[in-house]
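Worksheet: the structure to be examined is printed underneath.
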Amino acid sequence: MLVLVTSISGTILKNLQSLGWDFSKLIQLMGLGLSQMGVYFMMYLLNLALFQTPIQLFRIGYWVNRWMFHNEQNNFDYWDTYPNFMIGLLLCITYGAMSPLIWIIGLLYFGVSYTVLTYQLSMCFINENEGGLELWPPLFNRLMIGVQIGNITLMVLLLLKKGVGPAVAVLLLLIV
């Protein structure tokens with residue numbers, strides 16, 4: 001939802017005055033704006049990689065919780081970390097064809113996240129209950145949905161910029 005809403009609203013708000021009520025101009029601007037929003041998402045991933053993920057090493061929430069409420073709950077919060085990974089992967093898959101530099105930034109993000117979480121999971125957190133492999137079937141399904149969203153985005157971009165032929169070729173990827 002983040003990808004869809006940000007791409008559409010960013011394109012429309014950037015060109016609001018020049019749009020008028022011309023539908024063909026809107027389609028051309030959507031094709032151009034979709035690829036331009038890749039820079040925004042690269043900055044988003046760079047922010048996650050260089051600022052938000054390393055700050056997790058300080059564990060500010062844990063220390064505030066321990067100081068104010070005298071609560072020493074020391075569990076890893078999957079609900080907080082898992083969505084960031086899924087959004088990062090979806091952004092890399094979706095915008096990878098339009099701006100390949102996002103793959104390098106995604107690699108940096110996942111490398112920093114791997115380093116930080118490996119340290120935290122092995123040295124800081126005490127997990128009382130592990131789900132084992134319960135998370136993998138929904139994770140695989142969501143990853144496949146992310147791949148399909150990336151293919152649909154590429155198909156729409158090719159349809160808007162190049163025509164019907166390349167879009168039909170990408171449509172075969174959705175079927176297979």
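The residues in the stretch 149-173 that are surrounded by 13 or more Cβ atoms within 10 Å (Cβ to Cβ) and not hydrophobic (A, V, I, L, M, F, W, C) can be counted, and the count is 5. One residue stands out among those in the stretch 87-119 that are of a type in the set (Phe, Trp, Tyr) and free of Cβ contacts under 8 Å to residues at least 12 places away in the same chain: the one that is surrounded by the fewest Cβ atoms within 10 Å (Cβ to Cβ), which is 114. Taking every residue in the stretch 159-170 that is touching a residue at least 40 places away in the same chain (Cβ under 8 Å) and pairing it with any residue that is open to solvent by 90 Å² or more (accessible area, probe 1.4 Å), at least 6 positions away or on another chain, the pairs with Cβ-Cβ distances below 9 Å are 160/28; 161/28.
The values are calculated or read from the model by the stated rules, or taken from the named source; none is laboratory data. What you see is a predicted model, and the numbers here were worked out from it, not measured in a lab. Cβ: placed from backbone, ideal geometry, glycine included. Neighbour counts: every protein chain shown. Note: areas computed on protein heavy atoms with side chains; ligands, DNA, RNA excluded. Shrake-Rupley method; radii C 1.70, N 1.55, O 1.52, S 1.80 Å.
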